[in-house]
Structures are given as C-alpha cells and as structure tokens.
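Here the structure is laid out as structure tokens; the discussion comes afterwards.
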Amino acid sequence: MALLSIKNLSIGYQTKAGMLKAVDNISFELERGRPLGFVGESGCGKTTIGMTLMGLLPGNAHILGGSIGFQNQDLIQLNEDQWRRVRGKEIAMIFQAAMNALNPVMRVDEQVIEAIVTHTPDISPADLDKRINELFDLVEIPRVRMKDFPHEYSGGMKQRVIIAMALACNPKLIIADEPTTALDVIVQDQILKEIKAIQKAMNTGLIFISHDIAVVASVCKDICVMYGGQIVETGTREEVFRNPRHPYTKALLGSYLSLDNELTVVIPDMRETPDLTLESGCCRFAVNCKTCSSACKAEVPQWIDISGSHKALCCDETIIRNSHE
Amino acid sequence: MRNQTYILGKLVEITIIFFVIMTALFFLFRLSPGDPISKVADPMLTPEDMRYIIEQMGLDKPIWEQYVIYLKNFFTGNFGVSFHYGEPVFKIIRERLGWTVLLFTSSTILAAFAGVFLGKIAAWNKGSRLDNVLSISALVCYTLFIPWFALLLLWVFGFKLGLFPLGGILSPELWVGNASWFVRMLDILHHMLLPLMTLFVIHLGSYLLLMRSSMLSVLREDYIITARAKGLSERVIRNKHAAKNAALPVVTSVGLSLAFSINGGALTEQIFTWPGIGRELIFAVSNNDYPLAQACFLLIALVVCWPIWLWIFSMPIWIRGLPIEPQGMVLE
C-alpha cells in the first residue's frame, strides 16, 4: 500500500482577482523508498503541495477538492489538534535554511530538543540527551557546536540542523522544500548525499521539491514536472530525463547553458505567466507552448500513457507520441 | 586591537561632546533673562550685604574667569553650591535622584511589561475587536497631554474621591515619630501611585504599539513556520518563538527611554510635588540657580549618553551572557 496517496487535489488562493488555482486536480502516489521529486518554476504550486501536506496553508488558501490518504486517514479532514500530532511526528519538513528558518534567539540544540519533547513529553533526560547526540552525529555537526546560536553557523550547518530537526521524531514522510537552493554547489552536493543516505537508512517517504531538475533527478526515483498548478509529466527519472515528452519538460531540460555551444543553445522563450484563474482542467501551458494549436485552448488535456509509469498531460496526442528524438 | 582603538575613539568623542555641552550650558544660563541675586537676596539689604552675597556666589568676577573656575571645579568633582539652598549641588542631586529613579524606572518597567503582554495579544489577534480596542487605546495613551492627564487623575482620585494624597512622598506624621519601615514603605507607595499611573499610561501606549508591529513582522518570519512544522502548540509559538524575538525593539526602547528619565518625568514630578530631579530642574531654571541648573542638565547629558557608557564598559563582557539578543553584541 502506498504511504501517501493524493487524489484529485485542488487548492485555490482567494485573491482580489478571484480564486487562483495554485494546485489543479493533482493525483499521485508515494511509496516508501521511492523518493518523489517535484520540479517546476516559481509559482507552479510545488510549495503549496508541501504546505498542504503539513497543514500549514495560509489563511486565504482553500482546499477545493480531493483527498490526501496517509496512514488510513484523510489528512484534509483533520482538525488543528489532530494536525499538531501529525506535524513533526508523522510528516516533517526540511526548509530552506538561508531564509531564517531557525529562531535567531534560541540555541541550536534547544530548537531540536523542542521538536522531540513536543511529541514525546515524558522522555527521560538521559534518553533525550542520547537522542540529541545521535541526531547531531547523524548530520555531522560536532557536539561542541550544539550550544551555538544559529548566526554562528554556516549555511550548510544551518541546513544540517534543519534536517536534524525534521528527523527528530522519526517521521514516516519527509518533505524537503528547496533544501539546497541557497547553498553553494559543494555544500549542496554534501547535503544531497546526506538526505539520500538518511532516506535510505530510515526508509522514510521523501518528497523533494526544487526548481532544479538536475538536483531532483539526483535524489529521486520518480519525478513530477509541474506547470501552472498541474502535473504535466510524470515518470521515473530516466524516463523524464532521457525521454521528455511534454513541451514544458523539454523546455526545462533545454534551459541549461553550456560553455561548448553557448551560441547555439536556445533558452526557451516563456514570457507569459500561466493564468491560474482559468477553468479547472484547461491547459495552462498553452500560452507558452510552441506546438499549441487552436484546439488546445478549447479542449481539456488528457493523460497520454507512454509507458506504464511514464505519462504526460496534453491535448494533442500526436505531439506527445511522436516527439521522441 | 581594533576594539581598543574603537573604544578609545569613543572616549575622545565623549570628552569633546561633554566639553561642548558644559560650555553651552554655562553661557546659555548667563544669557537667559533674570538675575540670580534678586531671587535670593532681600531687596531691603544694604549695598554692602548685597555685595557680600554677590562675592559669595562668585558673580563679581569677569565671566571668563567664572568659566575657568567652573571647568576647573567640574574636573575636581565640585559642582558648586546652590544659590538658593546654600548647599552643595552634589548633595542636592544625590538626595533627589533616588526618588526620580524610583518613580521612573518602576513606571517604565511596568509599562514595558504590560506593553509587551498587550501588544503580543493584539498582534496575535490581528484585526479582531480586541486588537482594535487595544490599538486605539494605545494611540490615545500615546497622544495624551501629560499635565492634563496628571491633573485629571489628581482631581478625580485625589481631590474628589480623596483616595490618594495630593502630593509629596510621605505623610507628615511619618516624617517624625518612629513608624516601622514597612508602614513608611506603604505610605510612599500610596503617594507614588498617582504619578506612577501617569507615567505608566504615557509609556504604555508606545510600548504596546511597538510590540504589536514588531510582533506582526516576526509572525511573518520563516522560523515561525518552522516552529509550526515541529507541531508546537500555538501558545508556545506565540510566547517562546514570536514574543521573545518581537520584544527586542521594546528592550531597546526601554534602554533609550532611560536617557529621558530625568527630564521625562519633570512635569509629572512638578504636578505631584514629587521631590525628584525633574522638579528641581524646573525650579533651578526658573530661579536662575546657575550651579544647580548646570549640574542638572549635565546629568541629563550624562544619562543620555548612557548607552555609550554601557557600550564601552560592559559590552565585551555581555557578548556571550545576554540571553535575549545574541547577535547585537558583536563589536563592529
């Protein structure tokens, strides 16, 4: 049975312009041991999915429909008290550390201890001590630095603390939201390796969110490419990477400069922002799609199976089927 | 090394500032209208006696000589003798200072605690009726005219209801006699309550508004989301994570307001005849009591510079010790 199973989830933000559908009719399943990556540009709804799974959506967000199956319960039905027991304990989140994710006036170890004590209030001081040392060893922070304040840490160390915090209660599902975006490439590599190793060792479910498809591919076995609140292509990393079918996935993979052929690389020209107020189900990518036909704007895109695990969302089946290069 | 040069630079700076302030004070009072002799001496005195008094005060000497004496005395710790009281200025200030500190610090600290607490509640319930009531009351407190408010309290609670004494610090019968210290303390508190209330209300508004806006911006920080993601209760998030960070500007503001402890309460002290420095200051200025006025103003300058003093003498010791703001202690 899948650890997490999301069906037809739609989430909207109430704004002056109307209801913005940040997440539009999304379905996916997550197995333990098969990390799932979400890739897409800013505003495509990847963080909204993460926040929904933590029950931390802002006040103007509304869940418009669908279900989130997790351990025989529908997370959407939980009240605030029940959510609090899930957060940190069952589902934990790794945030981007550069953005002040640690409280500046609390010592680092206190912040991790807090996560443990909240969910296991009757833990003995000796056990707590053991656990906290274990966690800091796991993320390779020297014990002498445990009592420091966050500003005394480097970006990479802060990120490690946040990972330790997420692991504190042995959660069943970890959501990593852009955990390496603000780090330099070497530290980024170390952190990614660490996340992978920990995921394997603890056999947790992992959802990895990033705008960087290369980073996602290095951690995850499955990839969902998102655009304008919709998943537009999904498959194993090999399928998506080697054999992209959706025009947006191709554009995303084509967006890398290389020194050899700097002059010939064409960065896809995607100036239009997708209209999130559109009717549910419409193709959001049509505004930027080079292969878009008039039919695309009228019709509802369909899932087109390429292989058992690989599929793409498009109105034009021939484009998807014949686009293999 | 860099810190030492920095501190040395600051010390030189302060010395220059004080020299300028002292000079300005000296000449400003001599330029102000009115003369001290007529305030002290009886007009019926004979010219000889009059001249004697003038000589006693040192006012017969040319002004530059007075200035030199004044500077010389200052550096030997002698602030002169008050024209009016005929007592050393240092002694007068020492007697009055305690009362001012008592009144001002207690009202400031009470107001800061209340402001932090209420501001926290207001921000947490932003947009609610409670928030509206608190914010508007804070604005009213903030804009109140001190003398009017003080007189109002005095009129209602002191005069009409007769619940509190109209002024002073101790009931006359306790000045003499052998009442216990506890009775005296209660009596002082009884006298202190109205002036305390005045200063409390005046300060409360600004602390509340400061805490509210600071709290609102802290609540948007990422570490608040981190705290929620750990599954902490809302109460812990509000009190431990948000309020502690949000209180920093209030702490700074309390520190800065100490700079105004001497003149800030002057009007209140005057109205409630509280025998503090502020009241003495008003008295000295209106009576051309040069030595006393100069010393009072110098004291204000000294106190206004207190963050710098603190900086120089204790900051390096604080760096690891102060729990509230670990980052603010780094010498730059």
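Before moving on, here are some points about what is shown:
- Checking each residue in the stretch A:308-325 for being modelled with pLDDT under 80 and of a type in the set (A, V, I, L, M) picks out A:Ile319, A:Ile320.
- Among the candidates A:Leu3, A:Leu30, A:Leu36, A:Leu20, residue that is surrounded by 17 or more Cβ atoms within 10 Å (Cβ to Cβ), of a type outside the set (Gly, Ala, Ser), touching a Leu at 6+ places or on another chain (Cβ under 6 Å) and within 13 Å of A:Gly228 (Cβ to Cβ): A:Leu20
- Subset of the stretch B:271-282 that is part of a helix (DSSP H, G or I) and crowded, with 18+ Cβ neighbours inside 10 Å - its residue that is farthest from the chain's Cα centre (by Cα): B:Ile271
- Per this entry, A:Ser10 is counted among residues that are among the polar types (S, T, N, Q) and more than 15 Å from the chain's Cα centre (by Cα).
- Taken together, the criteria place A:Leu206 among residues that are touching a residue at least 40 places away in the same chain (Cβ under 8 Å) and either touching a helix residue (DSSP H, G or I) at 6+ places or on another chain (Cβ under 8 Å) or away from every other protein chain (no Cβ under 12 Å) (or both).
- Failed item, numbered, when A:Glu178 is tested on (1) crowded, with 23+ Cβ neighbours inside 10 Å; (2) at positive phi; (3) not basic (Lys, Arg): (1)
- Any hit, the stretch B:92-112, residues being buried (at least 16 other Cβ atoms within 10 Å of the Cβ) and over 25 Å from B:Ile282 (Cβ atoms): yes
- The listed residue being aliphatic (A, V, I, L, M) and surrounded by 14 or more Cβ atoms within 10 Å (Cβ to Cβ), out of A:Ala126, A:Ala166: A:Ala166
- Given (1) farther than 23 Å from A:Lys200 by Cβ; (2) out of contact with any Lys or Arg (no Cβ under 9 Å at 6 or more places or on another chain); (3) at the interface with chain B (Cβ under 9 Å from one of its Cβ atoms), index of the condition A:Asp81 fails: (3)
- Check on A:Met106, buried (at least 16 other Cβ atoms within 10 Å of the Cβ), of a type outside the set (Val, Ile, Thr) and under 30 Å from A:Gly18 (Cα atoms): no
- Lone qualifier among A:Ile63, A:Ile68, A:Ile76 - being among the hydrophobic types (A, V, I, L, M, F, W, C), without any contact (Cβ under 8 Å) to a residue 40 or more places away in the chain and more than 14 Å from chain B (Cβ to nearest Cβ): A:Ile76
- Within the set B:Leu130, B:Leu209, B:Leu174, the sole residue that is in contact (Cβ under 8 Å) with a residue 24 or more places away in the chain and surrounded by 13 or more Cβ atoms within 10 Å (Cβ to Cβ) turns out to be B:Leu209.
- Test result for B:Val201, crowded, with 17+ Cβ neighbours inside 10 Å, touching a residue at least 60 places away in the same chain (Cβ under 8 Å), of a type in the set (Val, Ile, Thr) and over 30 Å from A:Leu102 (Cα atoms): yes
- Matching residues, the stretch B:212-226, being among the polar types (S, T, N, Q) and at the interface with chain A (Cβ under 10 Å from one of its Cβ atoms): B:Thr226
- Just one of the listed residues (B:Leu71, B:Leu59) is under 19 Å from B:Ala293 (Cβ atoms), outside any helix (DSSP H, G or I), of a type in the set (A, V, I, L, M) and more than 25 Å from the chain's Cα centre (by Cα), and it is B:Leu59.
- Checked against (1) polar (S, T, N, Q); (2) within 14 Å of chain B (Cβ to nearest Cβ); (3) surrounded by fewer than 18 Cβ atoms within 10 Å (Cβ to Cβ), A:Ser154 passes all but condition (2).
- Residue in the stretch B:235-255 that is within 12 Å of the chain's Cα centre (by Cα), within 30 Å of B:Leu28 (Cα to Cα) and touching a residue at least 12 places away in the same chain (Cβ under 8 Å) present: yes
- Residue satisfying condition, being within 13 Å of another protein chain (Cβ to nearest Cβ), touching a strand residue (DSSP E or B) at 6+ places or on another chain (Cβ under 7 Å), of a type in the set (A, V, I, L, M, F, W, C) and over 30 Å from B:Gln270 (Cα atoms), within set B:Ala247, B:Ala229, B:Ala243: B:Ala229
Each row is one residue, and each column tells you yes or no for (1) surrounded by 11 or more Cβ atoms within 10 Å (Cβ to Cβ); (2) at pLDDT below 80.
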residue	(1), (2)
B:Gln4	no, yes
B:Lys10	yes, yes
B:Phe19	yes, no
B:Leu28	yes, no
B:Glu48	no, no
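- Inter-residue pairs, beta-carbon under 9 Å, first within 21 Å of A:Asn103 (Cα to Cα) and more than 14 Å from every other protein chain (Cβ to nearest Cβ) and in the stretch A:115-135, second of a type in the set (Lys, Arg) and in a helix (DSSP H, G or I), 6+ apart: A:Asn133/A:Arg143
- Some residue of the stretch B:96-104 being at pLDDT below 90 and in a loop (DSSP other than H, G, I, E, B): no
- Sole residue being in contact with a helix residue (DSSP H, G or I) (Cβ under 6 Å, 6 or more places away or on another chain) and over 19 Å from B:Pro275 (Cβ atoms), chosen from B:Leu25, B:Leu59, B:Leu97, B:Leu31: B:Leu25
- Residue pairs whose Cβ atoms lie under 7 Å apart, separated by 6 or more positions or on different chains, with the first residue in the stretch A:294-307 and assigned by TED's automatic domain parsing to the domain that holds A:Asn243 and the second part of a strand (DSSP E or B) and charged (D, E, K, R), are A:Trp303/A:Lys311; A:Ile304/A:Lys311; A:Asp305/A:Lys311.
- Residue in the stretch A:94-103 that is buried (at least 18 other Cβ atoms within 10 Å of the Cβ), farther than 18 Å from A:Ser210 by Cβ, at the interface with chain B (Cβ under 9 Å from one of its Cβ atoms) and at pLDDT 90 or above present: yes
- Residue in the stretch A:165-180 that is assigned to a helix (DSSP H, G or I) and without any contact (Cβ under 8 Å) to a residue 24 or more places away in the chain present: no
The values are calculated or read from the model by the stated rules, or taken from the named source; none is laboratory data. All of these numbers come straight from a predicted model, not from anything done at the bench. Here Cβ is always computed from backbone atoms with ideal geometry, including for glycine, and neighbour counts include all displayed protein chains.
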